[in-house]
Amino acid sequence: MKAKADFPPERQSFKAAIEDNIGSCIVALLSLLSLVSAMFWPYIKMNKVFTEHLLDMTSFNDYLVVNVFVFASYTFQYILTAGILEYTNPRGFKSDSLTNEQRQQRNRQIRKEITLGIGAMFGNTTYAVAWMYFIEPYLWTTNYFVTNQYTLSWFAFNVLAYALIFDAWFYWTHRALHESKYLWDHIHTTHHAFKNPTAFCQDAVHPLEGLVQGPVGHYLTVLVMPVHPIALAFFGLFTSCFAIAAHDGRLGDLNHHYAHHNK
């Protein structure tokens, strides 16, 4: 092994050492990850068994417990994702460009958005758990991958089907909320009351809108094709994070939803 003095001065920095030994660093990192994975595998396995038993609902008490668990999980993901986006937003509540009055107004708006969001979350949770408890066990697609291998081709097929079905459902229901005077006045106005939304605005909706554009659309794909439960959970997480980012008004707003609120 060469000593530090054997290298020219410009190659004696820590950064240069990493660059000169990138292959060894990658191997070391992979070895470390393997070691950590091996160390934590018992905990991962224990959590997997715990989750399987928790979601295995055989009584009404199980149903209530799972409602609490799912509600807490949904709420945590919503608050965490939106909180990170708001904290890092250059126009967020910590922005130096805001006056004290603007900062107080934004904080009041965020509290209102969170209140509405958590309220809508109750309905979403109730529907999602009711689906798992009363409908899912009777679908032919539910246990398909217990006896059939879940391949990369299946995953790609699931992604395509979910994207097409959920996006089409969201588009037409969202259009109906705008074009129907009754639906606009009694349901969608709740969401559009926020002209300069924050990331927390994603779930700040009327409970019926939250249901229709959330879990109702989310579960449509499993009516027509088998979807692995882990893949379905991932799709739900991705669409939720994408929608939250769209209300943040920055990079994630690929469909100009922030501008849509200002119409």
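The values are calculated or read from the model by the stated rules, or taken from the named source; none is laboratory data. For clarity, every value in this text was computed on a predicted model and none was experimentally measured. Methodologically, a virtual Cβ is constructed for each residue, glycine included, from the backbone with ideal geometry; neighbour enumeration extends over all protein chains shown.
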- Scan Ala233, Ala204 and give me the residue that is in contact (Cβ under 8 Å) with a residue 24 or more places away in the chain and either loosely packed, with under 14 Cβ neighbours inside 10 Å or under 20 Å from Gln77 (Cβ atoms) (or both). Ala204
- Quick one: would you say Pro215 is within 23 Å of Phe76 (Cα to Cα), modelled with pLDDT of 90 or more and out of contact with any strand residue (DSSP E or B) (no Cβ under 6 Å at 6 or more places or on another chain)? yes
- Going through segment 96-110 in order, the residues found to be in a loop (DSSP other than H, G, I, E, B) and either among the acidic types (Asp, Glu) or out of contact with any helix residue (DSSP H, G or I) (no Cβ under 8 Å at 6 or more places or on another chain) (or both) are Asp96, Ser97, Thr99
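For every residue, the table says whether it meets (1) in contact (Cβ under 8 Å) with a residue 60 or more places away in the chain; (2) part of a helix (DSSP H, G or I); (3) within 20 Å of Gln213 (Cα to Cα).
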position: Lys112; (1), (2), (3): yes, yes, no
position: Leu116; (1), (2), (3): yes, yes, yes
position: Ala120; (1), (2), (3): yes, yes, yes
position: Gly123; (1), (2), (3): yes, yes, yes
position: Met132; (1), (2), (3): yes, yes, yes
position: Thr141; (1), (2), (3): yes, no, no
position: Phe145; (1), (2), (3): yes, yes, no
position: Tyr150; (1), (2), (3): yes, no, no
position: Trp154; (1), (2), (3): yes, yes, no
- Task: Take His178 and decide whether it is closer than 25 Å to Ala82 by Cβ and assigned to a helix (DSSP H, G or I).
- Result: yes
